[in-house]
1. If I filter the stretch C:8-52 down to residues being at the interface with another protein chain (Cβ under 9 Å from one of its Cβ atoms) and among the polar types (S, T, N, Q), which single residue comes out as surrounded by the fewest Cβ atoms within 10 Å (Cβ to Cβ)?
2. Scan the stretch C:30-48 for residues that are hydroxyl-bearing (S, T, Y) and over 13 Å from C:F120 (Cα atoms) and report the count.
3. Of B:I90, B:I97, B:I76, which residue is more than 14 Å from the chain's Cα centre (by Cα) and either among the aromatic types (F, W, Y) or at negative phi (or both)?
4. Kindly evaluate B:A72 against the criterion of being within 30 Å of D:F50 (Cβ to Cβ) and away from every other protein chain (no Cβ under 11 Å).
5. What number of residues within the stretch C:102-116 satisfy the criterion of being among the β-branched types (V, I, T) and crowded, with 18+ Cβ neighbours inside 10 Å?
6. If I go through the stretch D:75-101 residue by residue, how many of them are within 13 Å of chain C (Cβ to nearest Cβ), open to solvent by 30 Å² or more (accessible area, probe 1.4 Å) and either over 19 Å from D:Y22 (Cβ atoms) or among the polar types (S, T, N, Q) (or both)?
7. Would you check if there is a residue in the stretch B:118-135 being under 28 Å from A:K63 (Cα atoms), outside any strand (DSSP E or B) and of a type in the set (S, T, N, Q)?
8. In the stretch C:1-43, how many are at pLDDT 95 or above, under 17 Å from the mean Cα position of the chain (by Cα) and not basic (K, R)?
There are 4 protein chains.
Amino acid sequence: MYRTRVYYQDTDAGGVVYFANYLKLFEKSWFNYLLGIGISLPEWEKQGIFILVKKVSLDLLDKARYGEELEASSSISDVKNAQFTMNHAISRNGKAITRGETLMVCVDSTGKPIRMPGDFRKRLLACQESSATTT
Amino acid sequence: MYRTRVYYQDTDAGGVVYFANYLKLFEKSWFNYLLGIGISLPEWEKQGIFILVKKVSLDLLDKARYGEELEASSSISDVKNAQFTMNHAISRNGKAITRGETLMVCVDSTGKPIRMPGDFRKRLLACQESSATTT
Amino acid sequence: MYRTRVYYQDTDAGGVVYFANYLKLFEKSWFNYLLGIGISLPEWEKQGIFILVKKVSLDLLDKARYGEELEASSSISDVKNAQFTMNHAISRNGKAITRGETLMVCVDSTGKPIRMPGDFRKRLLACQESSATTT
Amino acid sequence: MYRTRVYYQDTDAGGVVYFANYLKLFEKSWFNYLLGIGISLPEWEKQGIFILVKKVSLDLLDKARYGEELEASSSISDVKNAQFTMNHAISRNGKAITRGETLMVCVDSTGKPIRMPGDFRKRLLACQESSATTT
């Protein structure tokens, strides 16, 4: 869960949050979600384990305006050997205004996909949503 | 067609273009593509016609680094009454490193979806890709 | 006071926070500082009172890296009739890594400088630093 | 000289270019200015020579809106052993709307200030503005 205001820097001349900036909010959401389940991405990087975004989808359901308080939440699905999917929602007053999905791949320092370390993967699996919600 | 370098502002600590910044490159690409077929988005806004992004998909195929020259190109498919799809590719030396799609909706100044003006839609239809490539 | 992590989106290929992004952190800092003294910028906008940045200075003292926790703080000086200065510092573990100043001007909806509303100005004056520190 | 449009991504809910985004335009301007005098920053990085921004000042004289064409230009002053100053102006139809200055420092890969390589410095000196304009 990541809470933030909408600042001027997030908006565009249409008066609402610029569409690409929702992806930045997704990053803040997944960073803090993973931290909450014991996965510190910066710490893993020090050990040569990097998580890259490979695919993204974004669905804009409603608009968000300057000063509004937003809440971003993430969850995990489809944990494989070298990749996993994260689902994100950004809400205002409990109602989703944006949804999205990111496919994350585990790579080494040269960018080559590698199996996720056991401890990393175990933590993801423990939080994985039931198959019913991931299909 | 929109050509640009990769500047520091486009990159992240991973040494490559930050994933969300590809969407900003998509915007520059579609703006100039549409301008090239006689559709100036800022001019249409003055007449109360706004184009919003409703859905986005993004596929990261390869990385781009500081100083590299990139080329973004866009095309049109699925022109409906109030919306159309744009397909984007970002290439380096003629090879795609990122692909994506944006669903664009035509709205009035209150944000309500409306039929595209005749002249606007006609220009889109003239550039629409053949059905073979859009399925 | 505004606390945040350094996310990938804040960094550049040099591995540190991209210089222009400190100004974004300044905005978050002044927004929350002003809110804390009873000035909600979005609420004032609804009444036709806008605060624009007119001048900025930025001093980069040290670097900040991915995952680090930063703290931004702001203060007020030189409150005049239509403008005021804000001083910002971004610290890591209590040590400033960036300092800056923004000259803020009060304008109406047409962008014309106007006298600050009495209540707005009174709140700024109450927090203004002593002359000793503002020279 | 760097020419660009104002895109949605550059603007904020005030309908104009977000103040911090002028610094991003400065970067594009200095990158291309330096390239034009034979200094490719990415190439120098491959040799372990990095140019960091140390101080910035920014003066907002007028606003820029969506779709407008802007022109950024840079010049050099105060070339010292390990640092130099760049002056930037962003214009619309030949009239400056933003001015700024960046102090650039030459560092090695560890971030330590170092003397600029001879060839690098010689090219800067050849373009340095006369003392009359730099004071």
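The values are calculated or read from the model by the stated rules, or taken from the named source; none is laboratory data. Note that the coordinates shown come from a computational prediction; the quantities given were computed from them, not determined experimentally. Counting neighbours? That spans all protein chains shown, and the Cβs are built from the backbone with ideal geometry, glycine included. Note: accessible area is taken over every heavy atom of the protein model, side chains too, but ligands, DNA and RNA are not part of it. Shrake-Rupley method; radii C 1.70, N 1.55, O 1.52, S 1.80 Å.
1. For the stretch C:8-52, the residue satisfying everything is C:S40.
2. Qualifying residue count, the stretch C:30-48: 1.
3. Exactly one residue qualifies, and that residue is B:I97.
4. yes
5. 3
6. 1
7. no
8. Selection size over the stretch C:1-43: 24.
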